Amino acid sequence: MPPAKLLTRAFLLAFVANLLHSWAFFAYLHLPGFLAERGADELMIGVVFGTMAASAIALRPAVGRLLDRRGRRVVARWGSVMHLAVTFAYLSVDSIGPWLFVVRIIHGAAEAMLFSTLFTIAADVVPASRRTEGIALFGVSGLLPMSLAGVMGDLILTHAGYAELFVASSIAAALGGLCSWLLADSRPAAQADAPAPRSFLAAVMLPSLRPLWLMGLSFALAIASYFTFLKTYVEHLGIGSMGLYYTVYSLAAIVLRLLLGWVPDRVGARRALAPAMTGTVIGLVVLSGMGSTLEMAVAGLLCGLGHAFVFPILSSLVVTRADQSERGAALSMFTALFDLGLLVGGPVLGVVLERTSYAVMFHTAAVVAALGGAVALLWDRRAVPGRG
């Protein structure tokens, strides 16, 4: 019997929409340089990034309820309009002041709506028998723009300035919005005997889901280190570039997903999670002592290989363990963990950096990933015996 089909029209349209929106989103990996030019120190950069994350987290419960009760399409459309508006709004930011924080709050709301919705649509349309593989493949639409946005940003900032970078992000957001507008609603049909809808908190706090939240948060806190501070780290050392790191990072993750995306479904999620988290930990250690362009590339390779499996495996487990009628809430909670990582990790790691060094800050992130991942895996084995 041939395997169930992955590349349906719904999957491809959501893939392109996510690719374009992600391209616009990852352009702001260069934002720390813009902020530093306007006098922000490392702690303030962490606070600015944390503001967007706080906004996204605050909106996630409402987004989850809308996805499950009103459907996916309406949230995708409103999120696309908001995303386009906020990318243009950066053109009006000229200092570290209240307006910057207003823009970051709106940006966080748009991010919460779009990425919760698009990943929920992907989970809806991939066949259950190939769920981890399908979500891993869909995740390429977020990884490829990480590389493209890094390289694009390097090129634009070499020949022009941040205003031109913001305009380029607006163009990508507009094209992503067009694709989002064409998406059909993929919400599963309601069952006649379905129980009454539960609160967001009740839906996401099932015992089988709790270890996944710890694993996801540990991973999110760790990767917040380079998402927030790699730009200033590169400028501090005068080694490598954002484009190099994120190109190696994303290409490593993409190649692994394309060639071996089937592995977690075959061998079991937990067996694949442990080595993936280990790759992230070792990559952070290499990044902490980076002394050459080659070492930057090795760090990007290891962190990319870790990201390649950690995110889709956890996503797939969340979808499998959550009630079908509460899938939107569960995936909204899952994506919120990465905003929480920025919200907490950005300022906390910024304080560590200001008081110590980049090396200590990246080592701290590695320890968080290692300890959090180990505890979560042990907890999960007790909560859900078997392969996951």
Open item on the list: Whether any residue in region 321-331 is among the hydrophobic types (A, V, I, L, M, F, W, C) and not in a helix (DSSP H, G or I) is what I want to check.
Closed with: yes
Open item on the list: Given the criterion crowded, with 24+ Cβ neighbours inside 10 Å, at pLDDT 85 or above, assigned to a helix (DSSP H, G or I) and not acidic (D, E), identify the matching residue among G216, G279.
Closed with: G216
- [ ] Can you confirm whether region 28-50 contains a residue that is out of contact with any Cys (no Cβ under 6 Å at 6 or more places or on another chain), within 15 Å of A112 (Cα to Cα), among the small types (G, A, S) and buried (at least 16 other Cβ atoms within 10 Å of the Cβ)?
- [x] yes
- [ ] Determine if region 250-266 includes at least one residue that is within 27 Å of V47 (Cα to Cα) and part of a helix (DSSP H, G or I).
- [x] yes
Task: Residues satisfying the stated conditions in region 287-322, i.e. within 21 Å of Y246 (Cβ to Cβ) and of a type in the set (K, R) - done: none
Open item on the list: Suppose we filter region 151-179 for residues that are among the polar types (S, T, N, Q) and modelled with pLDDT under 90; how many remain?
Closed with: 1
Task: Answer from V86, V63, V74 - the residue that is surrounded by 15 or more Cβ atoms within 10 Å (Cβ to Cβ) and modelled with pLDDT under 90 - done: V63
Open item on the list: For region 345-372, give me each residue that is over 17 Å from L230 (Cβ atoms), surrounded by fewer than 19 Cβ atoms within 10 Å (Cβ to Cβ) and among the aliphatic types (A, V, I, L, M).
Closed with: V351, V367, L371
Task: Failed item in (1) at pLDDT 90 or above; (2) within 16 Å of Y28 (Cα to Cα), with L148 passing the rest - done: (1)
TODO: Just give me the residues in region 52-79 being within 23 Å of F101 (Cα to Cα) and more than 17 Å from the chain's Cα centre (by Cα), in sequence order.
DONE: P61, A62, W78
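The values are calculated or read from the model by the stated rules, or taken from the named source; none is laboratory data. Note that this is a predicted model, so its numbers are computed, not measured. Heads up, the Cβs are rebuilt from the backbone with ideal geometry, glycines too, and the neighbour counts pull from every protein chain shown.
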